[in-house]
Each structure stands twice: as structure tokens, then as C-alpha cells.
Amino acid sequence: MRWWDLDAVLALEHELFPEDAWSAGMFWSELARARGAGANRRYLVAEAGGRLVGYGGLAAVDGTGDIQTIATARDQWGSGLGARLLTALLSAATAFECHEVLLEVRVDNVRAQRLYERFGFAPIGFRRGYYQPGNIDALVMRRTATDPDTEDPETGPGAASAPDTPPSQGN
């Protein structure tokens, strides 16, 4: 993800998460930490047919990765794009030498929870009222480096033909 992707990222962000969308400033802050010698973030986008159809981001601190955000356009749901984005973020966590990866997911987003479980994430707790202003709880999930890859996105149940352009892992 680069600065020139932000308008399309923000449009998709607001479409998918109208109540608790990230601001432009939040994305700018994350991208500022994705470049240079001390970079500890990886943000990527996926495009198909010349439009941005997904994005994701990971923060890495002291051996722990945190998937900050991951999203796919509604017309990409079920295509395997979410699995490919997650695979790329987990690869980034490995490159950052993370021994565990955490994420938060809305308790009412069962579809996403199933994806994370296929990749070895397990629930470890809740954050009450995490998503505001809707006061929706977050399920906290963790995957450790010793967890098996329970799905190969190239051959597993989420496999699908690749979008026109694979996820871009720009720093």
C-alpha cells in the first residue's frame, strides 16, 4: 500500500465499516512506519480489473505481529482473496520474526472468524465495546509460530483464481 492507494482504500473502508472506519490519518500513521530502516509495518493492496478490491496491514513489535486491518470488496467475498491477503500478512509476520500473531474481529463477523480459524487462529479473549460507536465486542484471536498451517490457500477450500494483480506488498 502506498499513499496513492489511500483514496480507494478509504472508499472501501467506509463502504465495509461505515460505523467504525479508519480515518485517513490512521492509515497515514501506519504507512509512515512501513518504510525505512526501522519499519515494523507491512501494508498491502490487491487489485482486479484496474480497481482496488482488498487491503491488509500488519504491525510487528517485539516478536508479536498484530493484524491491524484486512478487508475485501463484497464482490470478492468467497473468491479466496481474503485467504491470499491473510497469507501475505502471515508471511510478513514471519519476515519480521514474529513468534505469534494476534487480531481482533467483530463477534458478529462469523465469516471472518472461520477464515482465521482455518489458518490456525484460536480465540483467547474478548475486548468489550471495542468497535465504536456501535459498542460491538471484539473477539481476540492468536496464532503462534508453532501452529500448523491448517489451510493452503492455493489448494485448500478457500482457493480460487487469482485476481488480475496479486496483493502488492509495497513498503
Worksheet item: So how far apart, in nm, are the two label points at ASP137 and TRP77 if each is 7 Å from Cα heading toward Cβ?
Response: 2.3 nm
Discussion item. Between PHE126 and THR144, what is 0.36 nm times their sequence separation minus the Cα-Cα distance? Round to one decimal in nm.
Written reply: 4.7 nm
Response to the item:
Checked region 77-122 against the a/c 1.5 cut and the a/b vs b/c comparison, axes a ≥ b ≥ c from its Cα gyration tensor; verdict oblate
Worksheet item: Per-residue accessible area for MET1 at 1.4 Å probe radius, Å² rounded to 10?
Response: 0 Å²
Practice prompt. List the residues whose amide H sits under 5 Å from the amide H of GLY54, counting only those 5 or more places along or on another chain, with H placed 1.01 Å from N in the peptide plane.
Written response: ALA46, ALA73
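Expressed in nm to one decimal, what extension gain is obtained for the pair ALA8 and ALA39 from 0.36 nm per residue of sequence separation less their Cα-Cα distance? Intermediate results must be reported in sequence, preceding the final value.
On the way: separation 31, 0.36 × 31 = 11.16 nm, distance 2.35 nm.
So the extension gain works out to 8.8 nm.
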Fill in: Candidate residues VAL107, VAL45: accessible-area rank, largest first, probe 1.4 Å
VAL107, VAL45
Discussion item. Tell me the relative contact order for region 1-137 as a rounded percent, counting alpha carbon contacts under 8 Å between residues six or more apart.
Written reply: 19 percent
Discussion item. Check which residues have an amide H placed less than 5 Å from PHE126's amide H, if you skip close sequence neighbours.
Written reply: VAL140
Worksheet, complete the sentence: Under the Karplus relation with 6.51, -1.76 and 1.60 and θ = phi - 60°, whole-Hz ³J(HN,Hα) for region 113-120, x at Gly and Pro, equal 4, 5, 4, 4, 4, 4, 9, x
Worksheet, complete the sentence: Expressed in nanometres to one decimal, the distance between label points 7 Å along Cα→Cβ at HIS99 and ASP20 is 3.0 nm
Worksheet item: Per q in 0.13, 0.15 1/Å, what log10 I(q)/I(0) does a Debye calculation on the alpha-carbon atoms of region 1-86 return?
Response: -0.40, -0.54
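The values are calculated or read from the model by the stated rules, or taken from the named source; none is laboratory data. Here the structure is a predicted model, which is why all the values come from computation and not from measurement. Counting neighbours? That spans all protein chains shown, and the Cβs are built from the backbone with ideal geometry, glycine included. All accessible areas refer to the heavy atoms of the entire protein, side chains included, with ligands and DNA or RNA removed. Shrake-Rupley method; radii C 1.70, N 1.55, O 1.52, S 1.80 Å.
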